[in-house]
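Asks: Dropping the structure in here first, questions after.
The values are calculated or read from the model by the stated rules, or taken from the named source; none is laboratory data. It should be emphasised that the depicted structure is a prediction, and the values quoted were computed from it without experimental measurement. All Cβ positions, even for glycine, are placed from backbone atoms using ideal geometry, and neighbour counts span all protein chains on display. When the accessible area is computed, the model is the full protein with side chains, heavy atoms only, and any ligands, DNA or RNA have been set aside. Shrake-Rupley method; radii C 1.70, N 1.55, O 1.52, S 1.80 Å.
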Amino acid sequence: MNRGVPPDDATIVYYDAEYPSLEDGDVRADDVARLARQSVLGDIAFYKEAAVRAAPPGSGRVVADVGCGTGRLALPLARLGLEVFAVDVSPAMLDRLRAKLAAEPEAVRARVRVVCQDAASLDLPRRDIAFAALPFNVLMLIAGLDDQRRTLAALARHMAPGGVLALDLMNPLILPLDAQPTPAVSQPCRDPRSGNSYVRHSMHGRLDADQRQRVYGVYEEMTADGGVRITDYAFHWRMVFRWEAELMLNEAGFTVDRVAGDFEDTDWDVDSRRIVVTARRRPDGGDAADRPAGQPNQPSTRSK
Ligand SMILES: C[S@@+](CC[C@H](N)C(=O)[O-])C[C@H]1O[C@@H](n2cnc3c(N)ncnc32)[C@H](O)[C@@H]1O
């Protein structure tokens with residue numbers, strides 16, 4: 001979902017049912033299947049490993065989960081002993097994170113600083129962040145080229161030289177770019193909070209000249225009294241292609257270390273499900289965003 005999405009938008013209401021955390025115990029087979037269909041089964045393990053390498057617990061280094069949503073990553077990082085800035089632009093998503101935090105031990109709660117900010121104008125009290133993540137399509141959901149560039153530049157300004165930035169995106173080369181006005185119906189899913197079953201009817205518009213696509217639809221939930229509750233949703237995403245991601249990161253002051261096609265570290269290819277990038281802030285990186293346009297460094301020419 002984008003900046004300004006209302007709290008009763010279905011993408012917020014059903015977020016935790018759609019993208020369950022496997023870290024909270026009670027792992028169910030259909031949750032695993034759901035995450036596998038999105039190709040994000042291994043995402044939390046990937047980010048945790050990268051975060052701990054860049055900011056070992058007890059080192060005093062801090063990390064940032066930007067576009068943290070309801071805390072699918074921020075909570076596991078804090079449980080590992082990391083000091084986390086959990087940043088999101090949606091007050092409703094952050095309310096859900098706060099509710100989950102309330103059930104955590106005091107030591108975990110104390111390690112998470114919840115910040116409601118737009119990533120494109122990020123302003124945190126630390127400029128030495130050792131690890132930052134934009135997990136699960138966050139850069140795409142900052143749905144304009146200028147805001148995407150501003151987000152990466154803002155992260156560079158907040159990070160220590162050598163600090164690690166990890167992010168993952170859908171691979172636009174395997175996405176349908178034409179309009180699909182006929183709803184595609186998802187498999188039935190159970191909302192663990194209500195116990196009700198629901199399906200999603202999803203549609204999308206055509207990719208526009210700014211590489212933006214409108215994604216929209218409705219959720220149909222079967223309520224306990226035999227009724228049907230309908231909740232709609234709509235958002236835009238801006239597709240970012242693999243080489244474009246590298247150029248943008250370079251422009252913002254990062255050196256790209258690795259572009260994989262999934263969370264198992266398979267080399268990226270044209271038909272990879274995802275674009276999983278690990279980059280490091282260059283020593284001059286914090287100022288790179290202030291450089292006049294047209295002076296980016298070379299993107300990486302290697303996959304591994
Ligand atoms: C697909 S969700 C991912 C949430 C979380 N990272 C996860 O893995 O479950 C995208 C998140 O990005 C947030 N977001 C979108 N635009 C943003 C912006 N400009 N600044 C900060 N967060 C933003 C949304 O509110 C949403 O919580």
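Asks: So how many residues does the range 152-180 have that are out of contact with any helix residue (DSSP H, G or I) (no Cβ under 9 Å at 6 or more places or on another chain) and part of a loop (DSSP other than H, G, I, E, B)?
Replies: Qualifying residue count, the range 152-180: 5.
Asks: Can you find a residue in the range 61-78 that is open to solvent by 30 Å² or more (accessible area, probe 1.4 Å) and closer than 25 Å to Glu221 by Cα?
Replies: No: the range 61-78 contains no residue that is open to solvent by 30 Å² or more (accessible area, probe 1.4 Å) and closer than 25 Å to Glu221 by Cα.
Asks: In the range 131-170, what count of residues is obtained for those that are away from the ligand (no atom under 14 Å from the Cβ) and open to solvent by 10 Å² or more (accessible area, probe 1.4 Å)?
Replies: 5
Asks: Just to check your reading of the model, which residue among Thr182, Thr223 is over 25 Å from Phe46 (Cα atoms), surrounded by fewer than 16 Cβ atoms within 10 Å (Cβ to Cβ) and either in contact (Cβ under 8 Å) with a residue 24 or more places away in the chain or within 21 Å of the chain's Cα centre (by Cα) (or both)?
Replies: Thr223
Asks: Can you pull out every residue in the range 37-57 that is out of contact with any Leu (no Cβ under 7 Å at 6 or more places or on another chain), modelled with pLDDT of 85 or more and open to solvent by less than 50 Å² (accessible area, probe 1.4 Å)?
Replies: If the condition is that a residue be out of contact with any Leu (no Cβ under 7 Å at 6 or more places or on another chain), modelled with pLDDT of 85 or more and open to solvent by less than 50 Å² (accessible area, probe 1.4 Å), then Gly42, Asp43, Phe46, Ala50, Ala54 are the ones that fit.
Asks: Could you grab me the full set of residues in the range 1-20 that are within 14 Å of the chain's Cα centre (by Cα), among the hydroxyl-bearing types (Ser, Thr, Tyr) and either surrounded by fewer than 18 Cβ atoms within 10 Å (Cβ to Cβ) or in a loop (DSSP other than H, G, I, E, B) (or both)?
Replies: Result: Tyr19, single match.
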